[in-house]
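Below: one structure, written as C-alpha coordinates.
The values are calculated or read from the model by the stated rules, or taken from the named source; none is laboratory data. Quick caveat, the model's predicted, so the values are computed rather than measured. Every residue, glycine as well, gets a Cβ built from its backbone with ideal geometry; the counts of neighbours run over all protein chains shown. Calculation scope for accessible area: heavy atoms of the full protein, side chains included, ligands and nucleic acids excluded. Shrake-Rupley method; radii C 1.70, N 1.55, O 1.52, S 1.80 Å.
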Amino acid sequence: MIPLGSRRNRLSWTIGLSLVALWLAAGCRPTPKPVAALPALTPTGSATPAAPMATASHTPRPVPTETAISPPTLTPIPTATATPTHTPSPTPTATATATPIGPCAARNPGDDLFALVTHDYGLSRDFAPNDLVPLAEFFSIDVTLGYPTELRQVVIAPLVRMVQDMQAAGLHPQILSGYRSYASQAVAYDKWLQKEPERANILSAPPGYSEHQLGTTIDFGSPELPTIVGQEDIQFHTYFYLTSEGQWLANYAHQYGFTLSFPRDTLEITGFYYEPWHFRYVGVELATILKNLGVSFTEYALQNLPPPCVP
(Lines give C-alpha, C1' and ligand atoms only; values in the text may rest on other atoms or scores of the structure.)
Protein backbone atom coordinates (compact mmCIF):
# COMPACT_ATOMS: atom_id res chain seq x y z
CA MET A 1 0.00 0.00 0.00
CA ILE A 2 1.40 3.46 -1.02
CA PRO A 3 1.35 6.23 1.56
CA LEU A 4 -1.15 9.06 0.96
CA GLY A 5 1.52 11.72 0.70
CA SER A 6 3.39 9.74 -1.80
CA ARG A 7 0.24 9.25 -3.94
CA ARG A 8 -0.44 13.03 -3.90
CA ASN A 9 3.09 13.86 -4.87
CA ARG A 10 3.01 11.33 -7.68
CA LEU A 11 -0.33 12.70 -8.93
CA SER A 12 0.98 16.24 -8.87
CA TRP A 13 4.07 15.15 -10.77
CA THR A 14 1.98 13.40 -13.37
CA ILE A 15 -0.32 16.39 -13.88
CA GLY A 16 2.68 18.66 -14.15
CA LEU A 17 4.30 16.52 -16.81
CA SER A 18 1.05 16.49 -18.80
CA LEU A 19 0.77 20.27 -18.69
CA VAL A 20 4.36 20.62 -19.81
CA ALA A 21 3.73 18.22 -22.68
CA LEU A 22 0.67 20.16 -23.78
CA TRP A 23 2.56 23.45 -23.57
CA LEU A 24 5.44 22.08 -25.61
CA ALA A 25 3.07 20.64 -28.23
CA ALA A 26 1.31 23.96 -28.58
CA GLY A 27 4.53 25.89 -28.93
CA CYS A 28 6.04 23.61 -31.66
CA ARG A 29 2.99 23.52 -34.04
CA PRO A 30 3.98 25.11 -37.43
CA THR A 31 2.25 28.30 -38.45
CA PRO A 32 0.00 27.57 -41.47
CA LYS A 33 0.97 29.34 -44.73
CA PRO A 34 -1.63 31.61 -46.31
CA VAL A 35 -3.47 29.91 -49.24
CA ALA A 36 -3.31 31.76 -52.55
CA ALA A 37 -6.64 33.01 -53.80
CA LEU A 38 -8.19 30.63 -56.35
CA PRO A 39 -8.98 32.05 -59.75
CA ALA A 40 -12.57 32.95 -60.31
CA LEU A 41 -14.44 30.19 -62.08
CA THR A 42 -16.43 30.72 -65.22
CA PRO A 43 -19.99 29.54 -65.39
CA THR A 44 -18.75 26.35 -67.05
CA GLY A 45 -16.62 25.53 -64.05
CA SER A 46 -13.22 26.08 -65.65
CA ALA A 47 -10.73 28.76 -64.81
CA THR A 48 -10.75 31.84 -66.98
CA PRO A 49 -7.48 31.82 -68.97
CA ALA A 50 -5.26 34.84 -68.76
CA ALA A 51 -5.32 35.25 -72.52
CA PRO A 52 -7.47 33.57 -75.17
CA MET A 53 -5.72 30.82 -77.10
CA ALA A 54 -6.09 30.51 -80.83
CA THR A 55 -8.27 27.58 -81.71
CA ALA A 56 -8.96 25.97 -85.06
CA SER A 57 -12.14 27.07 -86.74
CA HIS A 58 -14.89 24.53 -86.65
CA THR A 59 -16.41 25.75 -89.91
CA PRO A 60 -15.79 22.96 -92.47
CA ARG A 61 -13.77 24.08 -95.49
CA PRO A 62 -15.59 23.44 -98.75
CA VAL A 63 -14.24 20.41 -100.55
CA PRO A 64 -12.94 21.43 -103.98
CA THR A 65 -15.11 20.06 -106.70
CA GLU A 66 -14.26 19.66 -110.36
CA THR A 67 -16.27 21.93 -112.55
CA ALA A 68 -17.98 19.92 -115.21
CA ILE A 69 -16.97 21.34 -118.55
CA SER A 70 -19.38 20.39 -121.24
CA PRO A 71 -17.78 20.11 -124.66
CA PRO A 72 -19.28 22.35 -127.32
CA THR A 73 -22.24 20.84 -129.05
CA LEU A 74 -21.15 19.77 -132.48
CA THR A 75 -23.37 21.54 -134.92
CA PRO A 76 -24.70 19.11 -137.52
CA ILE A 77 -23.20 19.77 -140.90
CA PRO A 78 -25.41 19.36 -143.96
CA THR A 79 -25.52 15.72 -145.10
CA ALA A 80 -23.93 14.57 -141.84
CA THR A 81 -25.34 11.30 -140.60
CA ALA A 82 -22.73 9.99 -138.18
CA THR A 83 -23.06 10.62 -134.46
CA PRO A 84 -20.42 13.11 -133.21
CA THR A 85 -17.65 11.57 -131.14
CA HIS A 86 -14.58 13.11 -129.53
CA THR A 87 -12.37 10.04 -129.99
CA PRO A 88 -9.85 10.72 -132.75
CA SER A 89 -10.04 8.17 -135.53
CA PRO A 90 -7.93 8.60 -138.63
CA THR A 91 -10.04 6.08 -140.56
CA PRO A 92 -13.61 7.18 -141.39
CA THR A 93 -16.44 4.84 -140.59
CA ALA A 94 -18.56 3.96 -143.58
CA THR A 95 -22.06 5.35 -143.34
CA ALA A 96 -25.03 4.10 -145.28
CA THR A 97 -26.20 6.65 -147.84
CA ALA A 98 -29.16 6.78 -150.14
CA THR A 99 -26.96 6.68 -153.22
CA PRO A 100 -23.68 4.82 -153.77
CA ILE A 101 -20.51 6.81 -153.19
CA GLY A 102 -18.79 7.54 -156.49
CA PRO A 103 -15.08 7.63 -157.26
CA CYS A 104 -13.08 10.67 -156.18
CA ALA A 105 -11.96 11.22 -159.75
CA ALA A 106 -15.55 12.21 -160.59
CA ARG A 107 -16.32 14.11 -157.40
CA ASN A 108 -17.78 17.60 -157.75
CA PRO A 109 -18.73 19.11 -154.36
CA GLY A 110 -20.31 22.23 -155.84
CA ASP A 111 -20.67 25.02 -153.28
CA ASP A 112 -20.18 22.77 -150.26
CA LEU A 113 -18.06 24.65 -147.69
CA PHE A 114 -17.39 21.43 -145.80
CA ALA A 115 -15.98 19.30 -148.60
CA LEU A 116 -13.27 16.98 -147.28
CA VAL A 117 -10.06 16.92 -149.33
CA THR A 118 -7.08 14.84 -148.20
CA HIS A 119 -4.44 12.57 -149.71
CA ASP A 120 -7.18 9.91 -149.78
CA TYR A 121 -10.26 11.91 -150.81
CA GLY A 122 -9.84 14.02 -153.91
CA LEU A 123 -11.74 16.05 -156.47
CA SER A 124 -12.53 15.70 -160.14
CA ARG A 125 -10.09 17.28 -162.56
CA ASP A 126 -13.10 19.15 -163.98
CA PHE A 127 -14.22 20.69 -160.69
CA ALA A 128 -13.93 24.47 -160.31
CA PRO A 129 -16.01 26.85 -158.14
CA ASN A 130 -18.42 28.98 -160.15
CA ASP A 131 -18.12 32.14 -158.01
CA LEU A 132 -14.39 32.91 -158.08
CA VAL A 133 -13.42 36.57 -157.56
CA PRO A 134 -10.00 38.22 -158.19
CA LEU A 135 -8.49 39.54 -154.94
CA ALA A 136 -6.90 42.49 -156.76
CA GLU A 137 -10.33 44.13 -156.67
CA PHE A 138 -10.25 44.24 -152.87
CA PHE A 139 -6.62 44.39 -151.73
CA SER A 140 -3.62 46.53 -152.52
CA ILE A 141 -0.49 45.09 -154.05
CA ASP A 142 1.33 45.04 -150.71
CA VAL A 143 -1.18 42.35 -149.63
CA THR A 144 -1.44 40.32 -152.84
CA LEU A 145 2.20 40.98 -153.92
CA GLY A 146 0.85 41.23 -157.46
CA TYR A 147 -0.19 37.57 -157.67
CA PRO A 148 -3.39 37.01 -159.71
CA THR A 149 -5.11 35.25 -156.82
CA GLU A 150 -8.78 34.26 -156.81
CA LEU A 151 -11.13 33.05 -154.07
CA ARG A 152 -14.80 32.21 -153.83
CA GLN A 153 -17.18 35.09 -153.28
CA VAL A 154 -18.27 33.75 -149.88
CA VAL A 155 -14.72 34.20 -148.54
CA ILE A 156 -14.15 37.79 -149.62
CA ALA A 157 -16.07 39.77 -146.96
CA PRO A 158 -14.67 37.93 -143.90
CA LEU A 159 -11.16 37.97 -145.42
CA VAL A 160 -11.33 41.73 -146.01
CA ARG A 161 -12.42 42.33 -142.41
CA MET A 162 -9.66 40.09 -141.08
CA VAL A 163 -6.92 41.72 -143.14
CA GLN A 164 -8.14 45.19 -142.19
CA ASP A 165 -8.11 44.27 -138.50
CA MET A 166 -4.60 42.86 -138.82
CA GLN A 167 -3.43 46.06 -140.49
CA ALA A 168 -5.11 48.14 -137.79
CA ALA A 169 -3.05 46.16 -135.26
CA GLY A 170 0.14 47.19 -137.07
CA LEU A 171 0.61 43.91 -138.96
CA HIS A 172 1.41 43.37 -142.65
CA PRO A 173 -0.36 40.21 -143.84
CA GLN A 174 0.40 38.87 -147.30
CA ILE A 175 -1.77 36.56 -149.41
CA LEU A 176 0.53 34.25 -151.36
CA SER A 177 -1.93 31.75 -152.78
CA GLY A 178 -5.67 31.12 -153.11
CA TYR A 179 -7.57 29.07 -155.67
CA ARG A 180 -5.55 26.61 -157.71
CA SER A 181 -7.08 24.69 -160.57
CA TYR A 182 -6.41 21.01 -161.11
CA ALA A 183 -4.03 21.94 -163.92
CA SER A 184 -2.06 24.51 -161.93
CA GLN A 185 -1.76 22.08 -159.03
CA ALA A 186 -0.42 19.48 -161.46
CA VAL A 187 2.29 21.94 -162.58
CA ALA A 188 3.27 22.70 -158.95
CA TYR A 189 3.38 19.02 -158.04
CA ASP A 190 5.44 18.14 -161.09
CA LYS A 191 7.95 20.86 -160.20
CA TRP A 192 8.53 19.31 -156.77
CA LEU A 193 8.72 15.83 -158.27
CA GLN A 194 11.65 17.02 -160.37
CA LYS A 195 13.38 19.05 -157.66
CA GLU A 196 12.86 16.77 -154.64
CA PRO A 197 11.15 13.52 -155.67
CA GLU A 198 11.45 11.95 -152.21
CA ARG A 199 9.72 14.91 -150.57
CA ALA A 200 7.26 15.86 -153.30
CA ASN A 201 4.22 14.54 -151.40
CA ILE A 202 5.27 16.56 -148.37
CA LEU A 203 5.88 19.81 -150.22
CA SER A 204 2.87 19.67 -152.54
CA ALA A 205 -0.38 17.75 -152.85
CA PRO A 206 -1.02 15.76 -156.01
CA PRO A 207 -3.52 17.38 -158.40
CA GLY A 208 -7.08 16.80 -157.25
CA TYR A 209 -5.99 16.37 -153.64
CA SER A 210 -5.35 19.97 -152.65
CA GLU A 211 -7.76 22.12 -150.62
CA HIS A 212 -6.74 25.05 -152.84
CA GLN A 213 -8.94 23.64 -155.61
CA LEU A 214 -11.96 24.40 -153.42
CA GLY A 215 -11.35 28.15 -153.72
CA THR A 216 -11.74 28.69 -149.97
CA THR A 217 -8.12 28.18 -148.89
CA ILE A 218 -5.40 30.79 -148.45
CA ASP A 219 -1.64 30.65 -147.91
CA PHE A 220 -0.56 33.68 -145.87
CA GLY A 221 2.87 35.25 -145.74
CA SER A 222 4.77 37.66 -143.52
CA PRO A 223 7.50 40.22 -144.29
CA GLU A 224 9.19 39.07 -141.07
CA LEU A 225 9.82 35.52 -142.32
CA PRO A 226 13.04 36.12 -144.34
CA THR A 227 14.73 37.67 -141.32
CA ILE A 228 13.61 34.89 -138.98
CA VAL A 229 14.67 32.12 -141.36
CA GLY A 230 17.78 33.89 -142.58
CA GLN A 231 16.86 33.52 -146.25
CA GLU A 232 15.99 36.56 -148.31
CA ASP A 233 13.55 35.02 -150.80
CA ILE A 234 11.75 32.61 -148.44
CA GLN A 235 7.95 32.69 -148.49
CA PHE A 236 6.92 29.35 -146.95
CA HIS A 237 8.50 27.98 -143.81
CA THR A 238 7.23 26.43 -140.57
CA TYR A 239 8.79 29.41 -138.78
CA PHE A 240 5.79 31.38 -140.02
CA TYR A 241 4.28 30.59 -136.62
CA LEU A 242 6.97 32.83 -135.08
CA THR A 243 5.99 35.87 -137.13
CA SER A 244 3.60 38.50 -135.81
CA GLU A 245 1.14 37.66 -138.59
CA GLY A 246 1.36 33.92 -137.90
CA GLN A 247 0.72 34.36 -134.18
CA TRP A 248 -2.24 36.67 -134.79
CA LEU A 249 -3.84 34.24 -137.24
CA ALA A 250 -3.33 31.29 -134.88
CA ASN A 251 -5.18 33.17 -132.13
CA TYR A 252 -7.92 35.05 -133.97
CA ALA A 253 -8.56 33.62 -137.46
CA HIS A 254 -11.44 31.48 -136.18
CA GLN A 255 -13.35 34.64 -135.26
CA TYR A 256 -13.57 35.38 -138.97
CA GLY A 257 -14.41 31.80 -140.02
CA PHE A 258 -10.92 30.51 -140.90
CA THR A 259 -9.30 27.38 -139.50
CA LEU A 260 -5.74 26.06 -139.68
CA SER A 261 -5.97 23.03 -141.97
CA PHE A 262 -2.80 21.22 -140.96
CA PRO A 263 -1.92 21.80 -137.30
CA ARG A 264 1.17 20.47 -135.59
CA ASP A 265 1.41 16.70 -135.08
CA THR A 266 -1.59 15.79 -137.28
CA LEU A 267 0.23 14.13 -140.16
CA GLU A 268 -1.42 10.75 -139.56
CA ILE A 269 -4.86 12.35 -139.69
CA THR A 270 -4.51 15.08 -142.31
CA GLY A 271 -1.83 13.48 -144.48
CA PHE A 272 0.13 16.77 -144.42
CA TYR A 273 2.93 18.12 -142.28
CA TYR A 274 2.50 21.25 -140.17
CA GLU A 275 1.64 24.28 -142.33
CA PRO A 276 1.06 27.28 -140.04
CA TRP A 277 0.36 29.51 -143.07
CA HIS A 278 -2.47 27.41 -144.59
CA PHE A 279 -5.98 28.50 -143.55
CA ARG A 280 -9.35 27.44 -144.91
CA TYR A 281 -12.70 29.19 -144.64
CA VAL A 282 -15.46 27.08 -143.02
CA GLY A 283 -17.58 29.79 -141.38
CA VAL A 284 -17.38 31.30 -137.91
CA GLU A 285 -19.52 28.66 -136.18
CA LEU A 286 -17.54 25.61 -137.25
CA ALA A 287 -14.17 27.40 -137.04
CA THR A 288 -14.94 28.29 -133.42
CA ILE A 289 -15.93 24.70 -132.60
CA LEU A 290 -12.69 23.42 -134.11
CA LYS A 291 -10.67 26.02 -132.18
CA ASN A 292 -12.34 25.14 -128.88
CA LEU A 293 -11.94 21.41 -129.43
CA GLY A 294 -8.37 21.76 -130.66
CA VAL A 295 -8.96 19.55 -133.69
CA SER A 296 -8.46 20.01 -137.40
CA PHE A 297 -11.29 20.14 -139.90
CA THR A 298 -10.10 16.83 -141.36
CA GLU A 299 -10.40 15.09 -137.99
CA TYR A 300 -13.84 16.57 -137.42
CA ALA A 301 -15.07 15.58 -140.88
CA LEU A 302 -13.76 12.02 -140.64
CA GLN A 303 -15.66 11.58 -137.37
CA ASN A 304 -18.90 13.31 -138.33
CA LEU A 305 -19.36 13.03 -142.08
CA PRO A 306 -19.78 10.04 -144.37
CA PRO A 307 -16.90 9.29 -146.76
CA PRO A 308 -17.14 11.77 -149.65
CA CYS A 309 -15.98 9.38 -152.38
CA VAL A 310 -14.25 6.11 -153.07
CA PRO A 311 -10.46 6.63 -152.98
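Ordering Val160, Val155 by accessible area with a probe of 1.4 Å, largest first, what comes out?
Val160, Val155
Using a 1.4 angstrom probe and counting only protein chains, how large is the accessible area of Lys191 in Å², to 10?
100 Å²
If packing is taken as the average number of other Cβ atoms within 10 Å across a peptide's residues, how do 162-173, 228-239 rank, most packed first?
Going by the mean number of other Cβ atoms within 10 Å, highest first, we get 162-173, 228-239.
Show me the ranking of peptides 107-113, 216-222 by mean Cβ neighbours inside 10 Å, starting with the highest.
Those peptides, ordered most packed to least, come out 216-222, 107-113.
Which FRET efficiency value, to the nearest 0.05, is calculated for Ala106 and Ala169 with the Förster distance at 45 angstrom and r the Cβ-Cβ distance?
The calculated FRET efficiency here is 0.50.
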